[in-house]
Amino acid sequence: MKIEKYIPLLLLGLIVWAIGLDLFGYIIPSVLFYAIGLTFVCGLGVFIYKNSLLKYTMKRIGEAFFVIFLIMTATFLLLRTIPGGPFDEEKALPPEIKANIEKKYNLDQPLLTQYALYIGQVVRGDMGESFKYVGRSVTDIIKEALPPSLLLGFYALILAFLMGIPLGLFAAARHNTWIDNLCMGFAVSGIALPNFLVATLLVLFFSLKLQVLPAALWVTPWHYILPVIALGIRPAAFIARLTRSSVLDVIQSDYIRTAKAKGLSARKVLWKHVLKNSLLPVLTFSGPLAAGIMSGSFVIEFIFAIPGLGPHLISSVSNRDYPLILGLTLLYSIMLIFANLIVDLLYTFFDPRIKLS
Amino acid sequence: MMKSNSLWQDSWVRLQKNKGAMFSMYFIILVSVLALFAGVLSPYPFDEIFDGKEFLSPNSKFWFGTDSLGRDLFSRTLYGARMSMAVGIITALISMVIGTVYGSISGWFGGRIDSIMMRFVDTLIAIPSLVLLILVKVFFDSFQLFESLEARALTGMVVALSMVGWVTLARVVRGQVLQVKELTYVEAARALGFKPAHILRKYIIPNILGPIIVLLTFQIPSNILSESFLSFIGLGLQPPYSSWGVLANDGWKAMQTYPHLIFPPGVAIFLTLLAFNLFGDGLRDALDPKMKT
């Protein structure tokens, strides 16, 4: 039977389950995260196999590994050539103690040996131990900080799509009217608003003035509202503009004229024929969008004191916590690379005219 | 004989019809002038501390009020404009030069050189830009090349942002060069035996200048945004020096008690980014009527 038809359903079910748990204040068990990941990978695998994209995917994954290796090497060398080590405190440590610490983290070895040791570690799936949080491995820190970051990014992404697409569609459908101008005015303003300003203004108004929403932390769904809006509004504005211009393109095409000529209602034409065909540019934008949301989340997590990855990155840089910086850089790069790969693969599904090779 | 307009004249006429873009252009010029003459225009030095005058609300002596140390916020906003605009514009120009040279070499020679050069670009693109920005900035800052802290901060920021910014330009320029180099006038230039550098400079780059300039106008606001981002999270410029990001951070810290501090830098950032985006849109429509959305 057609298994592949049920995998997206299963995936959707699992995601809805996880969101439900989260929104009702339960902690999402890590099993559920793994299950979602596994289902997604299975679904993707079946999709790749059925569309005979196996060769292409393998090539891309090979390239991705190469790029990740390059990033790892470059970051490692960059960090180790910076003058001033992680243990140069204001209060100088006694030389014996410093030597001991450096020995523990292999900092006394030549650079190449350190590099070889690090690569060996990473290959075994161990990103080393943090310099500042003594006794905690980078993998542990990431495991703990990833879920809030993922949830924040996911909700912001959903918000961006749910706001951006209808806004763009609406503006295009009422092209050159005040509605169009209003929507695009909103979109242009959204692009010009840095998210730390949005966040500050939201907190100022909703938390300090009206006192209806919490100003910080990531505990209940009430805490989610402000950070998600602050993070999602800029991508939403981008998507709105993109959708509008793409819809305006599609509206002029012949098959839309045909659809109108055969007497379909304007609403049906818009939602069924126009929207479906104008979402491709939006899909293309999803790669950069994911990157933007990732970068944006640093600042949002910093402002709202969300225990995610962003604050760790910021503090690890000022602490010179090499293993943590390296681990986070790798994690972010891997996420970005695979987001782009998935977007490219999905492309063939939404536009069968495109052949990947 | 009919007088024919050059491409640039036509574009200028089209741009003038776009009121939003023209208004934005005047606004950008105004901000640039204010930034350039910040030293003359601001009533007080940016780091002068008035004891006992902390957190004043806007009044006739201090137009935007004073900050947590009793410094005049109006002066600091003007100096902030200088820093933010300088970072935005200088960085965009450097990215443009590097990106154009890199992209045109890659596109012109093609083949193996192209694929190696583009692989490097792909690697840089695979690192989220903010992470790359932070890494390069920390790396560069650690060398402490200059005596003055202000120069150090400015160059660190410019180098980091240029490292990130040129990549997009290189990609676009390469794509454009790939298209243009097949055209007949380039073939003619080749047949005449000109050197590649000459052909690129005289024949190809003038013809792809439109998209490059449009990208440049969009790079400036994105640089201003990144600068304020970094300064906001404390990895950019440090007080007492002033940029809009530093001021926004000051405002955010004092938000609970003195919310008026966030507005001058916030409004400045918002209006400037808005103006650059509107102007960029107008410029794109004017330079390339086919792309009009």
Query - 4 °C / 1.567 mPa s Stokes-Einstein diffusion coefficient of the range B:1-147, Kirkwood radius on C-alpha pairs, µm²/s - result: 64 µm²/s
Report summary line: A:Tyr26 and A:Leu38 label points (each 7 Å along its Cα→Cβ direction) are spaced in nm at 1.9 nm
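Residue separation times 0.36 nm, minus the C-alpha to C-alpha distance between A:Ala305 and A:Ser52: what's the value? Please report the intermediate quantities before stating the final value.
Values: separation 253, 0.36 × 253 = 91.08 nm, distance 4.55 nm.
Contour length minus the Cα-Cα distance gives 86.5 nm.
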Requested in this report: Please provide three numbers in whole Å: the alpha-carbon extents of the protein assembly as shown along the principal axes, with the largest listed first.
Outcome: 80, 72, 65
Query raised in the report: Zone of A:Ile225 (label point 7 Å along Cα→Cβ, backbone N under 20 Å): which residues in the range A:132-167?
Result: A:151-164
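Given C-alpha coordinates of chain A, what is the ratio Rg to Rh with the Kirkwood estimate of Rh? Don't jump to the answer; show the numbers that get you there.
Numbers: Rg = 23.9 Å, Rh = 23.3 Å.
Computed over Cα atoms, the ratio is 1.02.
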Query - With eigenvalues of the C-alpha gyration tensor scaled by 5 and rooted, the range A:146-307, Å - result: 34, 16, 13
Report task. Provide, in order from the shortest bin, the percent of all Cα-Cα pairs of the range A:222-357 in each 10 Å bin, continuing until the bin that contains the maximum pair distance. Result -> 10, 28, 28, 19, 10, 4, 1
Query - Equivalent ellipsoid semi-axes - Cα gyration tensor, the range B:159-291, angstrom - result: 43, 16, 9
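For the range A:99-233, take N as its residue count and report Rg(C-alpha) divided by 2.2 N^0.38 Å. Provide the component values of the computation, followed by the final result.
Working: Rg = 23.0 Å, N = 135, 2.2 N^0.38 = 14.2 Å.
The reported ratio for this selection is 1.62.
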**Report entry** Taking the convex hull of Cα positions in the range A:306-349, its mean projected area over all directions (nm²)
**Finding:** 3.7 nm²
Report summary line: In whole angstrom, the spacing between the Cα centers of the range A:144-208 and the range B:217-269 equals 21 Å
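Taking all pairs of distinct Cα atoms, average 1/r, flip it, and tell me the Kirkwood hydrodynamic radius of the range B:1-50 in Å to one decimal place. Walk me through the numbers before you get to the answer.
Numbers: mean 1/r = 0.0705 Å⁻¹.
Averaging 1/r across every pair of different Cα atoms and inverting gives 14.2 Å.
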Requested in this report: Divide, for the range A:275-316, the radius of gyration over alpha carbons by 2.2 N^0.38 Å, where N is the residue count.
Outcome: 1.59
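How much net charge surrounds B:Thr100 when only the other residues with a Cβ under 12 Å from the Cβ of B:Thr100 are counted, with Lys and Arg +1 and Asp and Glu -1?
+3
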Query raised in the report: Restricting attention to the alpha-carbon atoms of the range A:143-188, what are Rg (one decimal) and Dmax (integer), both in Å?
Result: 15.3, 50
Requested in this report: Using per-residue counts of other Cβ atoms within 10 Å, averaged over each peptide, order B:95-101, B:279-285, A:100-106 from highest down.
Outcome: B:279-285, B:95-101, A:100-106
**Report entry** Calculated from backbone phi, Karplus (6.51, -1.76, 1.60) coupling profile of the range B:60-74 in Hz, x at Gly/Pro
**Finding:** 6, 7, 10, 4, 9, x, 10, 9, 5, 9, x, 9, 5, 6, 5
Query - Relative packing of B:120-127, B:254-261, A:107-114, A:236-243, which averages over residues the other C-beta atoms within 10 Å, highest first - result: A:236-243, B:120-127, B:254-261, A:107-114
Report summary line: In whole Å, largest first, the alpha carbons of the range A:1-50 cover along the principal axes 39, 16, 13
Query raised in the report: What whole number of Å gives the distance from the Cα centroid of the range A:3-72 to the Cα centroid of the range B:131-166?
Result: 38 Å
Report summary line: Taking max minus min of the Cα coordinates of the range A:98-173 on each principal axis, largest first, gives extents in Å of 68, 24, 23
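How long is the gain from A:Lys59 to A:Tyr347 if the chain were fully straight, where each residue apart is worth 0.36 nm and the alpha carbon distance is subtracted?
Length gained, A:Lys59 through A:Tyr347: 102.0 nm.
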Query raised in the report: Under a no-solvent Debye model with one identical scatterer per Cα of the range A:162-244, what's log10 I(q)/I(0) at q = 0.10, 0.12, 0.13, 0.22 Å⁻¹?
Result: -0.29, -0.41, -0.47, -0.93
Query raised in the report: Sorted by average packing, counted as other Cβ atoms within 10 angstrom per residue and highest first, what order do A:261-267, B:84-90 take?
Result: B:84-90, A:261-267
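Can you tell me the equivalent ellipsoid semi-axes for the range B:149-210? Use √(5λ) from the Cα gyration tensor, largest first, whole Å. It would help to have the intermediate numbers written out before the result.
Numbers: eigenvalues 238, 32, 12 Å².
Semi-axes (√(5λ), whole Å): 34, 13, 8.
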Query - Net +/- balance of residues flanking A:Arg136 in space, Cβ distance below 12 Å, scoring K and R +1, D and E -1 - result: -2
Query - Gain in span if fully extended, B:Trp12 to B:Ile49, counting 0.36 nm per residue against the direct Cα distance - result: 8.6 nm
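Select from the range B:48-157 those GluC sites (Glu not before Pro) which occupy a DSSP coil region and have at most 10 other Cβ atoms within 10 Å, ordered by residue number.
Numbers: sites: B:Glu48, B:Glu54, B:Glu147, B:Glu150; in loops: B:Glu48, B:Glu54, B:Glu147.
For GluC sites (Glu not before Pro) across the range B:48-157 that sit outside H, G, I, E and B with at most 10 neighbouring Cβ atoms in 10 Å, the list reads B:Glu147.
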**Report entry** Above-threshold pairs, the threshold being 23 Å between Cα atoms, out of A:Lys143/B:Lys137; A:Lys59/B:Lys137; A:Lys98/A:Lys132
**Finding:** A:Lys143/B:Lys137; A:Lys59/B:Lys137
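If r is the Cβ-Cβ distance from A:Lys260 to A:Phe154 and R0 is 45 Å, what FRET efficiency results, to the nearest 0.05? Mind showing how you got there, number by number?
Numbers: r = 37 Å, r/R0 = 0.83.
Step by step, r from the Cβ atoms, then E = 0.75.
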Query raised in the report: What angle, in degrees between 0 and 90 and rounded to the nearest 10, separates the Cα long axis of helix A:111-123 from the longest principal axis of the Cα atoms of chain A?
Result: 50 degrees
Requested in this report: Return one number: the angle in degrees, 0 to 90 and rounded to the nearest 10, between the long axis of the Cα atoms of helix A:54-81 and the longest principal axis of the Cα atoms of chain A.
Outcome: 40 degrees
Query raised in the report: What fraction, in whole percent, of alpha-carbon pairs in chain B exceed 37 Å separation?
Result: 25 percent
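Size of the dipole of chain B about the Cα centre, Lys and Arg at +1 and Asp and Glu at -1 on the beta carbon, nothing else charged, in debye to 20?
On the way: 24 positive and 19 negative charges, 236 e Å.
So the magnitude is around 1140 debye.
Bear in mind that the values in this text are calculations on the coordinates, not laboratory data. Being a predicted model, the structure only gives us computed values, none of them experimental. Heads up, the Cβs are rebuilt from the backbone with ideal geometry, glycines too, and the neighbour counts pull from every protein chain shown.
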